[in-house]
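Written out below as structure tokens is the structure these notes cover.
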Amino acid sequence: MAGSRVRTIVVDSLTSIISPLVTAAILDNDAGRNKNRVSAFKAKALAVRLLQDNITGCGVDCLWVYHLRSGMDGKARKVESTSISTVELARLRRSLNLSLRVVVEDGKRGIVVDWARNGRSGQTLWDKSTHWAGMPERVEAACYDGLSEDEQTDIEGSTPLSFANSDEAIAWGWKSSSAFRDALHAKNAYEKLKSEKKPKTAEQMWSLWVDNVTARQELDLEPRAIFRKKWGG
């Protein structure tokens, strides 16, 4: 990429890259071609890692596109899922600064800032031009204008009061606590907590998850603190 004058790369979309790999793995498992059914999905994990490491290493801006899917669960309740797994999203987030979502309401299109690493989040910016004119600049201004470097650092290190969805919560948990071995470990811990505590609202789940992650981090750091105190290292 050196000298190419390329400033931005858009991967549109992760859905079209990941979905065929997932389908192939499922078909191979159903046909009994894999002794280890979990390892069949290795190609999917490696594909995202390869894209992320190589594109991020180029030092250019990158926009990753994936899709939301709506459906019904076994109890006929409306549920929303992503075209890329929670684990892959958590892994991808280590090189993201913003998580944006396109919404449509009353014929208007807008961008929701679901998460910002070191800026403001939660706001919706409506597309008044009908063709996204100036939207990148508007998003940047809404997230960062008026924030000093110290304020941005404080935001990045702060504990969130809420999350846009479970994917965001799991990604935050993995990033925040070294007690998790990987993103899959964080996802399993989240699902176990939800199953055991059975929160009635998303707000209750967010509170339980923040407390759980904080406790894990404190427990993980305690032996190291004792070691440093004893040996002076």
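When a/c reaches 1.5 or more, the comparison of a/b and b/c decides; with that in mind, is the stretch 58-122 rounded, prolate or oblate per its Cα gyration tensor?
oblate
Can you work out ³J(HN,Hα) from phi for every residue in the stretch 113-121, in order, using Karplus 6.51 cos²θ - 1.76 cosθ + 1.60 and θ = phi - 60°, giving whole Hz and x for Gly and Pro?
For the stretch 113-121, the Karplus-derived couplings read 8, 6, 7, 9, 4, 9, x, 6, 9 Hz, x marking Gly and Pro.
List every residue whose amide H lies under 5 Å from the amide H of Cys62, counting only residues 5 or more places away in sequence or on a different chain, with H placed 1.01 Å from N in the peptide plane.
Those lying under 5 Å, H to H, from Cys62 are Ile9.
If I model a spin label as a point 7 Å beyond the Cα along the Cα-Cβ vector, how far apart are those points for Ser195 and Asp28 in nm?
Result: 2.7 nm between the two label points.
Sum up the charges of everything whose Cβ sits under 14 Å from the Cβ of Glu151, counting Lys and Arg as +1 and Asp and Glu as -1, but leave Glu151 out.
-3
Does anything in the stretch 85-118 have its amide N under 19 Å from the 7 Å Cα→Cβ label point of Thr130, and if so which residues?
103-111
Can you list which of the chymotrypsin sites (Phe, Trp or Tyr not before Pro) found in the stretch 145-222 are DSSP loop residues with at most 12 other C-beta atoms within 10 Å?
When the chymotrypsin sites (Phe, Trp or Tyr not before Pro) of the stretch 145-222 are filtered for loop state and at most 12 Cβ neighbours within 10 Å, nothing remains.
Quick check for me: using +1 on Lys/Arg Cβ and -1 on Asp/Glu Cβ, what's the dipole size of the chain about its Cα centre, in debye to the nearest 20?
With only Lys, Arg, Asp and Glu charged at Cβ, the dipole is about 980 debye.
Put a dot 7 Å past each Cα toward the Cβ at Glu137 and Ser158; how far apart are the dots in nm?
Once both label points are built, they end up 2.8 nm from each other.
Within the stretch 165-224, which trypsin sites (Lys or Arg not before Pro) sit in a loop by DSSP and count at most 11 neighbouring Cβ atoms inside 10 Å?
Arg181, Lys200
State the three equivalent ellipsoid semi-axes of the stretch 6-65, derived from the C-alpha gyration tensor as the square roots of 5 times its eigenvalues, in descending order and whole Å.
29, 12, 5
Counting Lys +1, Arg +1, Asp -1, Glu -1, what net charge surrounds Gly134 among other residues with beta carbon under 12 Å of its beta carbon?
Taking every Cβ under 12 Å from that of Gly134, the sum is -1.
Taking the Cα centre as origin and putting +1 on Lys and Arg beta-carbons and -1 on Asp and Glu beta-carbons, what dipole magnitude results for the stretch 83-212, to the nearest 20 debye?
Once rounded to the nearest 20, the dipole reads 600 debye.
Per DSSP H run of n ≥ 4, the term is -39500 (n - 2.57); total these for the chain, divide by its residue number, and report the mean residue ellipticity at 222 nm rounded to 500 deg cm²/dmol.
Result for the chain: -16000 deg cm²/dmol, rounded to the nearest 500.
Starting from 0 in steps of 10 Å, tell me what percent of the Cα-Cα pairs of the stretch 45-153 lands in each bin.
Spelled out per bin, shortest first, that is 12, 35, 36, 16, 2.
Could you work out the pair-distance distribution P(r) of the chain from its alpha-carbon pairs, with 5 angstrom bin width and percents rounded to whole numbers?
Values per bin, smallest distances first: 1, 5, 10, 14, 17, 17, 15, 10, 6, 3, 2, 0, 0.
Every number here is computed from the coordinates shown, using simple stated rules; none is lab data. What you see is a predicted model; the values in this text were computed from it and never measured. A quick note on method: Cβ atoms are made from the backbone with ideal geometry, for glycine too, and the neighbour counts reach across all protein chains shown.
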